[in-house]
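Take a look at the structure below.
The values are calculated or read from the model by the stated rules, or taken from the named source; none is laboratory data. Worth saying up front: this structure is predicted, and the values here are computed from it rather than measured. Don't worry about glycine lacking a Cβ; one is built from the backbone with ideal geometry, like all the others, and counts go over all protein chains shown. Ligands, DNA and RNA are stripped out before the accessible areas are found, and what is left, the full protein with its side chains, is counted by its heavy atoms. Shrake-Rupley method; radii C 1.70, N 1.55, O 1.52, S 1.80 Å.
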Amino acid sequence: MERALNLKTKDRFTIYGVLNTSPKKSRTLLVLVHGLTSDLSDHIFYNAARFFPGKGIDIFRFNLYDGRKGGRSLVRSSVRTHAEDLNLVLKKFRNEYKHIAVAGHSLGGPVVVIADTTMMDSIVLWDPTPMPDLKDVSEGMKSPLKYLPSLKSYLAEWNFSFLLGKEMAREYDTLKPVQKMKDVIAPIKFICAEKEGNAKGGKEYFRAANQPKEYVIIKGATHGFDEWGTEEELFVETLAWIKKWN
């Protein structure tokens, strides 16, 4: 079953989300947190919403920014803003489920780490970015980040162009999510892509993490787990971790 479920933030924005439930009432919820320029309909989230309910686990996926009325915009958001919205989601569901697992992909990794992890029973980070210094962010882009004073934002160019707000750009130099791993006490698993991903950054997170923890590399996968079979392996590894602590 699938239904839209929207939440209002304290600063009067709307979080647009979708709840996918199992055929039988579940005591476990997996909350999905997307990465930079992504959304709840990207294939790993859309397909996760079909895979996990079939295994008895409900799914909630939501947009950190959304073009619909009242939604946040990326350029005016930050990792801290995202973490606050994740906290709101967790508070909504905390008394409705016995076990809440959270999975964050890419920049969703730092979002999860700096959120209130005491409301999480288990965590899985999918190829999380360690948020390198801003000068290193341009790696892999068509051109270096360009600051636009009139917009108080940076122009970023991958295979498409987008604006990165000044506050979020500053976080790349100041947030240091790997250093915050010492405060995470929930069981945590890092699942990284072998190619063109954050396997090295994932290892940094892993070394800094408390026990219990686990680190897995999916062979042949790139950052988005787009290759044949890699998405399924990602889900199976995630499911195993959630069941271990459920």
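In what sequence, highest mean first, do 114-126, 206-218, 180-192 appear when ranked by Cβ atoms within 10 angstrom?
Numbers: 114-126: 22.4, 206-218: 16.6, 180-192: 19.5.
Listed from highest to lowest mean packing, they are 114-126, 180-192, 206-218.
Counting only other residues whose beta carbon sits under 11 Å from that of Leu74, what net charge do I get with K and R as +1, D and E as -1? Mind showing how you got there, number by number?
Values: positive: Arg72, Arg76; negative: Asp39, Asp66.
With Lys, Arg at +1 and Asp, Glu at -1, the neighbours total 0.
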Based on Cβ point charges of +1 for Lys and Arg and -1 for Asp and Glu, what charge dipole magnitude is obtained for the stretch 57-125 about its Cα centre, in debye rounded to the nearest 20?
280
Taking the Cα centre of the stretch 148-246 as origin, work out the dipole magnitude from +1 charges on Lys and Arg Cβ and -1 charges on Asp and Glu Cβ, in debye rounded to 20.
580
Can you tally the net charge around Ala193? Count Lys and Arg as +1, Asp and Glu as -1, for every other residue whose Cβ sits under 13 Å from the Cβ of Ala193.
-4
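Antiparallel as a % of all DSSP beta bridges within the chain, to the nearest 5? Spell out each step's value before the answer.
Numbers: 17 of 42 bridges.
Expressed as a percentage, antiparallel bridges in the chain total about 40.
Provide the net charge surrounding Glu167, with neighbours chosen by a C-beta distance below 12 Å and charges set as Lys +1, Arg +1, Asp -1, Glu -1.
Numbers: positive: Arg76, Arg80, Lys152, Lys166, Arg170; negative: Glu171, Asp173.
Around Glu167, the surrounding residues sum to +3.
Can you pull the percent of the stretch 153-238's accessible area that's carbon plus sulfur, 1.4 Å probe, other chains left in place?
Working: 2230 of 4330 Å².
C and S fraction of accessible area: 52 percent.
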Under 5 Å between amide H atoms, partner at least 5 residues away or on a different chain: which partners does Ile217 have, H built in plane at 1.01 Å?
Cys192
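Taking the Cα centre of the chain as origin, sum charge times position over the Cβ atoms of Lys and Arg (+1) and Asp and Glu (-1), and report the length of that vector in debye to the nearest 20. Provide the component values of the computation, followed by the final result.
Numbers: 37 positive and 30 negative charges, 189 e Å.
Roughly 900 debye, rounded to the nearest 20.
Just the number, please: carbon plus sulfur as a percent of the accessible area of the stretch 33-93, 1.4 Å probe, no ligands or DNA/RNA counted.
Numbers: 1090 of 2360 Å².
The value for the stretch 33-93 is 46 percent carbon and sulfur by accessible area.
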Given Cβ charges of +1 for Lys and Arg and -1 for Asp and Glu, the option among Thr238, Val184, Leu145 whose Cα lies farthest towards the positive end of the dipole of the stretch 88-246 is Val184
Correct option for mean projected area of the Cα convex hull in nm² [calculated from the coordinates] among (i) 13.5; (ii) 12.6; (iii) 11.5:
(ii)
Where only protein heavy atoms count, and the probe is 1.4 Å, what is the accessible area per residue for the stretch 81-203 in Å²?
44
In terms of Cα to Cα distance under 21 Å, which lysines are near enough to Lys176, apart from those fewer than 8 places away along the same chain?
Lys135, Lys166, Lys189, Lys200, Lys203, Lys213
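Past the 22 Å Cα-Cα mark, which pairs from Lys98/Lys244; Lys8/Lys98; Lys24/Lys244; Lys8/Lys69? Don't skip to the answer; put the middle values down first.
On the way: Lys98/Lys244 14 Å; Lys8/Lys98 24 Å; Lys24/Lys244 20 Å; Lys8/Lys69 12 Å.
Going by Cα-Cα distance, Lys8/Lys98 fall outside the 22 Å limit.
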